[in-house]
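Here the structure comes first, spelled out in structure tokens, and everything after it is commentary.
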Amino acid sequence: MAEYQQSSQLNLWLFQSPKQLQEVRIFANTKAGKFLTENHAKDEPQKPPVEHFACGYSQQQRDKDFDMAESTLLETSPNGHAYLNPEEETTLISFYIDKLPALIGPSAQVHRLRRDLKVTATAALLTRRFFLSNSVMMFDPKCVMVAAAFLAAKVEDVTADVRYLEQGTEALQAPVAAQDIISYELQLLSGCHFDLLCFHPFKPLSALTEDLRTYLKSDKGKNLVHVSHGDGSPTSNNEGNSSSRLLSSNDLRPIYETARTLLEKVVLSDVPLLYSPAQVALASLMVAQEQVLAASSTLPNAAPQIDFLGYLNQRFDDQMLQNNAQPNETVATMAETLRQICDMLRTFQHTPATDMGALKTIHKKLKKVRWWGKESKKSKKKEGDTIDGEVKAKKQKIA
């Protein structure tokens, strides 16, 4: 089994901050604008190159080998149409990624595309990796998204027939031909630098929940959990307190299920590009606990209240010492990281409805400046001219 510590996800595709993600998106947008401008008036324009400069970007920034001097945004095309800006591109990409659960996954509209949630998560992550180095003005985001679903099923060893994916896009009223799916899969591979293995927070979530269930019953860990009864009075999980009760096996189930539901949204976002799966899983438990406690505060058997930072400090104390790290300092660093992730995860509790008006505006802008689609129209026109010429020639011969 592949280890996360040696994976390309950690070493090449994990970014230090949202600011870094924005930097590579600006660079991708700039390169697309320059390409479109340079090829605007050419009779035989070049095909757009598939970029993958985002791969290893964080490491290159640390080594000062990455040049961002070219990142001067071009706002308009030579014919006066406005290019999409990085924010508009990100909005469009997120819109298509949000369609993935209906295309492939546990709730796919086409029954034969029902797969584990990890396939959906892998497809979303591959799509986001691709568009960190490439622009929606150069590559059709809908085709990339469907190709990512096709590729993700292979990566997770649960292959899906391309014909069913074609049916799935028709069910979504956004048809993509099987030929286009296969064609875009090759470009997706290149844009992801052929780094296909993806790690997700679902397994760490299960592992952490199971470890909590065991550790919080131990002598060392039982003081880290408190149960709030219907009257709101907290009691520790301590046998010396007659009003308390021991943690049962089902006490963590509501927190786990809430965290799992939260992660279904999180894996479609930028969060997996910024934090490790284990960090995201632990933060999801912390946010889930807040939600469950708020909902169950008046119930007879309220959800347990767990000191997660205390759990980190105690549970991994020995391991930190073996790595020559000071436990308090390490936990403090982890606590700050978890706080940042929790802040991001709380935004998923009240996700605003998609602004269809804004999306329509972005689509209209894209239609005027996009590269993809034009080549097929030109080829169809040439094909039509050829057919018309042959018909005219035959008529002349008959005459």
Residues (in contact with a Pro (Cβ under 8 Å, 6 or more places away or on another chain) and in contact (Cβ under 8 Å) with a residue 24 or more places away in the chain) located in region 162-197: 169
Residue identified as at pLDDT 90 or above and either in a helix (DSSP H, G or I) or open to solvent by 60 Å² or more (accessible area, probe 1.4 Å) (or both) among 344, 320: 344
Residue 29 closer than 30 Å to residue 201 by Cβ and either in contact (Cβ under 8 Å) with a residue 60 or more places away in the chain or open to solvent by less than 30 Å² (accessible area, probe 1.4 Å) (or both): yes
Entirely in region 90-204, the helices (runs of 4 or more DSSP H) that have 1 or more residues that are touching a His at 6+ places or on another chain (Cβ under 7 Å): 117-133, 178-191
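The values are calculated or read from the model by the stated rules, or taken from the named source; none is laboratory data. For clarity, every value in this text was computed on a predicted model and none was experimentally measured. Here Cβ is always computed from backbone atoms with ideal geometry, including for glycine, and neighbour counts include all displayed protein chains. Only protein heavy atoms, including side chains, enter the accessible area calculation; ligands, DNA and RNA are left aside. Shrake-Rupley method; radii C 1.70, N 1.55, O 1.52, S 1.80 Å.
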